[in-house]
Amino acid sequence: MEADVSGIGTVTGTRVRAAGTREFRRALSGVAPAQTFWEVESCLLAKVTATRLAFLLIALILLAGCTQGNVEAMERENWRRHCFGRLSIELPRSADVTEVYRIEGDLFERLPDSAGQLERRIEGRTKELEEQQHATGRSMLIDRVVYPAGGQTLMSWEWPDEEDMLWADAFFMTDDPWRAYRYSGGVSASLEKRADALLRGIAGGLQGLEPEDVPGAPGFCVDGGWIAGTGFRSEMMDVSVRLPEYPGMVLSLLSSTQAEVDKETLLDRGMLSEAILVAQGATRLRKGKRSPGGVSGGEYSMASTESGQRIYTFAWEAPGKAVSVTEPYLLAEMQVFGQPVVDDDNPYEPPFEDDEEALELWDAIIDSIRLLPGA
């Protein structure tokens, strides 16, 4: 059961269901990119007869012994620790990171602005709203709230001919180090006071972070800063990482708060899908419980060879706890879908020498996961 997560004024506390291991099924048999490994499970199984399914399960049992044993640990000497959402993780310094954060379903984004540029941005938006007329006869701007801790919100009507929905343009900043952020979204007029409390809480808790800093207290990291506190709200973090030394490899990290914990885990959802994939030539490298840094979870690692290229999908999931910001749902995926063009001008460059090297990198990353203090 999932609630609506749209709108600053809508307090939901539920997570958007993570799709699971993205596109692995497409890499093996051409399923459309919009579908994911777990999403195609139901349509695939519908085409398999009971006899065929029994055969696949037998094949799975026979092939289960092909999983990897102990893998040599990779050194993390030239790595640094990052803080994303409510977790921290170590990555190579070469990492190219893209971060997306949402609070109550709305985007919380870092701006490239200097102090002067941010001031001009706010004044420009204020003028724009003041010059637009609402059906009430007044301007679209309803209120301009300045917070003692820094930042301000422009509260306006969302539509020029309606009064049931408002729109909040919130701007926040930190000093030492300087950071600027924007947070905008629709607000139900009946929940304006609740939205105001949320925005004041963000303004009062927001602090800047140096690149290698990790908070020593509970909070939510947001691209160069963090919002201190443990009050429950809908939070989502989606991070994508690429490493130039491993071409074609993409690491994805997702976390979200949830109103209730899904009874099905990654290990549960993957069992029948794995049977189909193994029958098509895929190999299970890992499957089982795994709890890095005491974070209870499980992992599933699959590999396949297509057109001479090794394809990987590794996944680790921690179910987290219900109504908790300090122990959210977590999902980590490491994927290699193959090099799209291979010819004389673009020779094949495998990201890993073999499965063991892929597992070494995966282990080094996953073993570094830690929840922020307060869990």
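When Lys and Arg each count +1 and Asp and Glu each count -1, what net charge do the other residues less than 11 Å away from ASP223, Cβ to Cβ, add up to? Before the final figure, lay out the partial values.
On the way: positive: ARG110, ARG179; negative: GLU99, GLU109.
That works out to 0.
Amide H to amide H, with H built 1.01 Å from N, GLY225 comes under 5 Å of LEU209, counting only residues 5 or more places away or on other chains. Geometric descriptor of segment 315-375, per residue, is 110 Å³ (volume of the convex hull of the Cα atoms).
Calculate, for GLN339 and GLU119, the FRET efficiency according to 1/(1 + (r/R0)^6) with r their C-beta to C-beta distance and R0 45 Å; round to the nearest 0.05.
Details: r = 47 Å, r/R0 = 1.05.
Between GLN339 and GLU119 the formula returns 0.45.
Segment 157-193 and segment 306-375 have their alpha-carbon centroids 36 Å apart. Computed from backbone phi with θ = phi - 60° and the Karplus coefficients 6.51, -1.76 and 1.60, the 3J(HN,Hα) list for segment 171-178 is 10, 10, 8, 10, 10, 6, x, 6 Hz; x is used for glycine and proline.
Here segment 104-143 is treated as a Stokes sphere of Kirkwood radius computed over C-alpha pairs; at 4 °C and 1.567 mPa s its diffusion coefficient rounds to 108 µm²/s. Projecting the Cα atoms of GLY219, LEU154, TRP178 onto the charge dipole of segment 148-219 (Cβ charges, centred on the Cα centre) puts GLY219 farthest toward the positive pole.
Here the residues TYR246, TYR312, TYR147, ranked from fewest to most Cβ neighbours within 10 Å of their Cβ, fall in the order TYR147, TYR246, TYR312. Relative to its Kirkwood radius, the Cα radius of gyration of segment 106-233 gives an Rg/Rh of 1.00. Each residue of segment 194-199 is assigned a 3J(HN,Hα), and the resulting list reads 5, 5, 4, 5, 4, 5 Hz, derived from the Karplus form 6.51 cos²θ - 1.76 cosθ + 1.60 (θ = phi - 60°), x at Gly and Pro.
For segment 147-215, the ratio of Cα radius of gyration to the globular rule of thumb 2.2 N^0.38 Å stands at 1.29.
Every number here is computed from the coordinates shown, using simple stated rules; none is lab data. Source: prediction; values computed, not measured. Cβ sites come from the backbone with ideal geometry, for glycine too, and all protein chains shown count toward neighbours.
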